[in-house]
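The values are calculated or read from the model by the stated rules, or taken from the named source; none is laboratory data. Every value quoted in this text rests on a predicted model; they were computed, and no experiment measured them. Virtual Cβ from ideal backbone geometry, glycine too; neighbours counted across all protein chains shown.
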Amino acid sequence: MRIGTRKDKNQMKKSEICIVFLLLLMGMITMPAQAPADEMLAFYGLKGYAYTYSPLPSDGFHLQSGGMYSLFHESNLECRDGYIWVVPLSLTYGDGDLWEVSAGSQWEYWKNTDFDVDETGIGDIFLGGKIRFLGQNRGMPLDLSLMSYILIPTGDRDKSIGDLYNYNPTNDDEYSYGANLLLGRRWERFYLSGSIGIHHVDSAHDCIAQDTFSISLAMEYHISESLMVYGEFLNSENKNLYNYPQGHMCYDPDVDEDIRELGAGIGWVKDEWGMKFHIGTGFTETSPDVRAALLVNRSFAF
């Protein structure tokens, strides 16, 4: 009875988030134009300079790398204290108008300090593409794109944040893929963007949800042509379906709750170079206390 009540509340929260997103979307469509202008995957391709994917395709060829640190300590479960280091490397190419393709991977190190275990390895290989169907640059009311991707497992598999999020790592090389509907609207110096995504993992394990959804929102403010700041909210379904018995140190009272994070950052672009600093925090016991990232982007024109 207790579990059912929690799930009902969780479904209400998801409905409320969807309603807020739809209201914002309606606002984006009806506002007059004033001027033309998941998971770790948002590292690949820095267009938008936020975790929330931008519907705007990248212009030219981009090489990106940097580092991210996530700390799980104060507000998470007792058996999930730890931290994670990630060094991503990605390549992105787009025509700046209609399409974009990306490829990348990352080196990872994670440590669970409760059990004194750690591991390093190379994450899955990311391949993705984006197609824009609507654009404000063509006199349309908003930007709208569809982005699809696949994660090809490596020998190390994609450890990623999942080992501390879900506490259900497997030794299987599991393919996963997904799609995101991306929307955006610019007026004057502001750009509001949103993403609705579905993610699928080919897993035979009952403890992992094969299909999960995510919703994200981001607001950018462009201080100048080279400098911008942003804030964003990310909500994704927890892939973990397994729970320990009540009273166990790893028992999760919020196993059916979505993973929610709030972040902010600053982006700088000048000629061929770009840089982003991001810092954020989570609202659930399965999200990090602190997440910080510094990314550098180098552009090449042909």
inquiry  = Whether any residue in the range 203-219 is modelled with pLDDT of 95 or more and either surrounded by fewer than 18 Cβ atoms within 10 Å (Cβ to Cβ) or of a type in the set (S, T, N, Q) (or both) is what I want to check.
reply    = no
request  = Go through the range 180-202 residue by residue and tally those that are surrounded by 17 or more Cβ atoms within 10 Å (Cβ to Cβ) and either within 20 Å of the chain's Cα centre (by Cα) or closer than 18 Å to Asn243 by Cα (or both).
outcome  = 13
message = Of the conditions (1) more than 30 Å from Ser58 (Cα to Cα); (2) surrounded by 15 or more Cβ atoms within 10 Å (Cβ to Cβ), Tyr251 satisfies every one except a single condition; which number is it?
response = (2)
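Would you confirm whether or not the range 235-242 contains a residue that is closer than 21 Å to Thr92 by Cβ, part of a strand (DSSP E or B) and polar (S, T, N, Q)?
Checked against the condition, which is being closer than 21 Å to Thr92 by Cβ, part of a strand (DSSP E or B) and polar (S, T, N, Q), the range 235-242 yields no hits at all.
Counting only residues that are within 25 Å of Ile152 (Cα to Cα) and more than 20 Å from the chain's Cα centre (by Cα), which one in the range 100-120 is surrounded by the most Cβ atoms within 10 Å (Cβ to Cβ)?
Filtering the range 100-120 for residues that are within 25 Å of Ile152 (Cα to Cα) and more than 20 Å from the chain's Cα centre (by Cα), the one surrounded by the most Cβ atoms within 10 Å (Cβ to Cβ) comes out as Lys111.
Pick out the one residue from Tyr83, Tyr53 that is over 30 Å from Pro245 (Cα atoms), modelled with pLDDT under 90 and buried (at least 18 other Cβ atoms within 10 Å of the Cβ). Give the derivation first.
Values: Tyr83 fails: over 30 Å from Pro245 (Cα atoms).
It is Tyr53.
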query = Can you tell me which residue in the range 85-140 is farthest from Phe190 (Cα to Cα), limited to those that are touching a strand residue (DSSP E or B) at 6+ places or on another chain (Cβ under 9 Å), of a type in the set (Gly, Ala, Ser) and not in a strand (DSSP E or B)?
reply = Gly123
ask   = Would it be correct to say that Arg132 is out of contact with any His (no Cβ under 6 Å at 6 or more places or on another chain), modelled with pLDDT of 85 or more and buried (at least 19 other Cβ atoms within 10 Å of the Cβ)?
value = yes
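Filter the range 148-162 down to residues that are surrounded by fewer than 20 Cβ atoms within 10 Å (Cβ to Cβ) and either not in a strand (DSSP E or B) or not polar (S, T, N, Q) (or both) and give me whichever is modelled with the lowest pLDDT.
Within the range 148-162, the match that is modelled with the lowest pLDDT is Arg157.
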